[in-house]
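The values are calculated or read from the model by the stated rules, or taken from the named source; none is laboratory data. Because the structure is a prediction, the values reported are computed rather than measured. Methodologically, a virtual Cβ is constructed for each residue, glycine included, from the backbone with ideal geometry; neighbour enumeration extends over all protein chains shown.
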Amino acid sequence: MFKNVSIGMVAGVMYNPTTGLQSTVAQWEAVCDHYFLPCSHGFRKGYSQQTCLKQIRRDFGGTIWYIEGKKLAKLFGSIDLRAVLRLLQQKIRAEDLDVVYNGVRISLLESPKKGITKDGFAPLGCNVVLHELDQFVMRLKRIVDRGTRMPMSPALKVVNTNSAALDTELITNPRERPILRDPPDHFLRRINYSRFADGFLIGVIGPRNLAVKIRDLVIKFLQVRLKLKLDPDNIPISRAFDTKVPFLGYLISRHPDRIQKVVLRHAGKCRTFRVHMSGGLCLLVDTQTVIRRLAEKGFCDKAGNPKPNFRYYQYPQARSVAAVASIIRGLADYYHLANSKLRFISRVTYVLRSSLAKTYAAKFKLRSSAKVYKRGGRDLSKPIKVNKDSGSKTHLFGERNSRYPAAIPYTRSRQIPRPDTKKLGKDWLPRRRRPVSRS
């Protein structure tokens, strides 16, 4: 499976065992990354949470059951080190195994305390270990997958292209309005899989007993192959139609089904059809988790009601406004794929801006947030209080950043960028692995 490659010769750098493990992590990643599957998105160049979520949006349409596994790194302390060395043995030369063993041992022992970090061997070790799980699930996929997936809303296509047949075959009473549904394929079975770092998500199209069997096989594989003891309660099975599955800070849900009316005219008569449109997969923001984190930082209470955050009481206005603006921009960038991005960013901006306004009301003794907005503007970009001695507006306000001025962004809904609802391409490859055309 893996070529017998020496890490010391990767990228033309000779390996020196006295320099330790930290200097060779990048070389080991270059050797091993070529063999990882496209469904693995964690700690790889060209892959990220965004690509993982776009793959879910592309492949998990029509999923009935979700199998979620998360925080597997907490179990790395009990992993069999010999199993890890056996996985690495085919990647590197035998004389480097001693150094690898020490690095893996230190990484796996420290992972329950520090988690997966980018500083040491832990990210590479996580991908190497769970690469076996990726291959196992892909083998299950080749065994289970069968049937043909129907296109989106075939009933609507039939109504538009064959209205005459529908008039003669479906309509017996002119007053009736039949509901057309997608023809179900009872033999359709699908397994879809995606993993980011130590968390994975399996989507199953089929009965529940199939999802339970797949979960049991995954647990048994991890116990036998990697000596990871998992409790079935830690890998829950969720029904897609009535459950929002949390993954990477998002909630994987589906649009509600709807009935669409289609009016066709044939032989001088109008016929109205009601077409059942199945809801597709959508990504929502886990708002409750974000609000809970903001409450821990002091911006609001647990219900999301803003309150003054006195951590920013001593900060100059420019510094506090810039800090809050960076939080809002960071949340907007990370949740750029969410279908509920507009509603979420509007709420977060309201909470953070109101919290900062209440802090300024207490700091400058203005008694209300309305007076703060009257002086500082809607985005708090104007100096609220001017030093009377110097008469300079920038004395208390501070200097502005040329790239990101000290102002609260997205104070109006039209300023919020629209979410990215595109799917990952069918033959997508990261930029570093795309073939270069030669003339």
Subset of region 383-419 that is at pLDDT 90 or above and charged (D, E, K, R) - its residue that is surrounded by the fewest Cβ atoms within 10 Å (Cβ to Cβ): R414
Can you say whether F221 is under 30 Å from S340 (Cα atoms) and either in contact with a Lys or Arg (Cβ under 6 Å, 6 or more places away or on another chain) or in the same structural domain as V137 (by TED's automatic domain parsing) (or both), as far as the supplied structure shows? no
Looking only at region 341-353, and only at residues there that are in contact with a Pro (Cβ under 8 Å, 6 or more places away or on another chain) and of a type in the set (S, T, Y), the one that is farthest from I327 (Cα to Cα): Y350
Can you tell me how many residues in region 189-206 are farther than 25 Å from T51 by Cβ and in contact (Cβ under 8 Å) with a residue 60 or more places away in the chain? 1
Cβ pairs under 9 Å, 6+ apart or interchain, first in region 122-142 and surrounded by fewer than 18 Cβ atoms within 10 Å (Cβ to Cβ) and modelled with pLDDT under 90, second of a type in the set (G, A, S) and part of a helix (DSSP H, G or I), ordered by first then second residue, are E132/A83
Of these, K229, K220, which one is in a loop (DSSP other than H, G, I, E, B) and either at pLDDT 90 or above or over 21 Å from Y66 (Cβ atoms) (or both)? K229
The lone condition L342 fails out of (1) among the hydrophobic types (A, V, I, L, M, F, W, C); (2) outside any loop (DSSP other than H, G, I, E, B); (3) farther than 20 Å from R414 by Cβ is (3)
Quick test of your reading of the structure: S320 fulfils all but one of (1) in a helix (DSSP H, G or I); (2) under 20 Å from K244 (Cβ atoms); (3) not β-branched (V, I, T). Name the failing condition by number. (2)
I'd like to check something: does region 273-296 contain any residue that is modelled with pLDDT of 90 or more and farther than 30 Å from K422 by Cα? yes
